[in-house]
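Student: Here it is, the structure in full.
The values are calculated or read from the model by the stated rules, or taken from the named source; none is laboratory data. Source: prediction; values computed, not measured. Here the Cβ positions follow ideal geometry from the backbone for every residue, glycine too, while neighbour counts run over all protein chains shown.
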Amino acid sequence: MGRSDRDNQLWGVGEMDRAAHEVRLDLSDPRGAEAADWAMEFLVEEVRQLRVLRLAHAPGGAAPAGSRAGDAVVYSSLLLSLAGTPALRALILLAQDWLARRNSGTIRIKVGDNELEIAAGRPRQTEAAIEAFTSLVAAAEAAAAQEQDDE
């Protein structure tokens, strides 16, 4: 299926629940847009093995905030809903492993205002960094749920 055919395609495996995390995953590839799209197809196959509630290819957009000329460009993005923090942690570990196998590219995982960047060729993110990121996300999610309960 071509890129234009899949841009709006969604895969769902369950209903959204309160503990779901809305995640944006951006893939940058130094070889260009075609290479990133091709690589993303393989990543999608692996991501679909996680507890994904919804998965969609994100529309292209402007460069990420803080980007400068010469920075890697985001070529391919996914929007995901994950079934809680364990699934988010699994996504991070999958992204680390996937980049290590490719030895190329950068993945940014963004949940709300929190962002984690994983790059090929750099040492793996430490368990402490992953724990800090998932803790921030879980705390933000809990605060949002409490605020909704209070209304």
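Student: Give the residues of segment 102-151 that are among the charged types (D, E, K, R), free of Cβ contacts under 8 Å to residues at least 24 places away in the same chain and surrounded by 10 or more Cβ atoms within 10 Å (Cβ to Cβ), sorted by residue number.
Tutor: Hits for segment 102-151 are Glu115, Glu117, Arg122, Glu131.
Student: When you go through (1) aliphatic (A, V, I, L, M); (2) out of contact with any Gly (no Cβ under 9 Å at 6 or more places or on another chain); (3) more than 18 Å from Leu27 (Cα to Cα) one by one for Val111, which number turns out not to apply?
Tutor: Among (1) aliphatic (A, V, I, L, M); (2) out of contact with any Gly (no Cβ under 9 Å at 6 or more places or on another chain); (3) more than 18 Å from Leu27 (Cα to Cα), the lone unmet condition for Val111 is (3).
Student: Checking the structure you have, find out if any residue of segment 50-66 is under 15 Å from Leu25 (Cβ atoms), at pLDDT 85 or above, touching a Leu at 6+ places or on another chain (Cβ under 8 Å) and of a type in the set (D, E, K, R).
Tutor: yes
Student: A further question follows. Quick check on my filter: what residues within segment 108-119 are touching a strand residue (DSSP E or B) at 6+ places or on another chain (Cβ under 7 Å) and either over 21 Å from Arg51 (Cβ atoms) or modelled with pLDDT of 90 or more (or both)?
Tutor: Looking only at segment 108-119, we keep the residues that are touching a strand residue (DSSP E or B) at 6+ places or on another chain (Cβ under 7 Å), and these are 108-111, 115-119.
The answer is Arg108, Ile109, Lys110, Val111, Glu115, Leu116, Glu117, Ala119.
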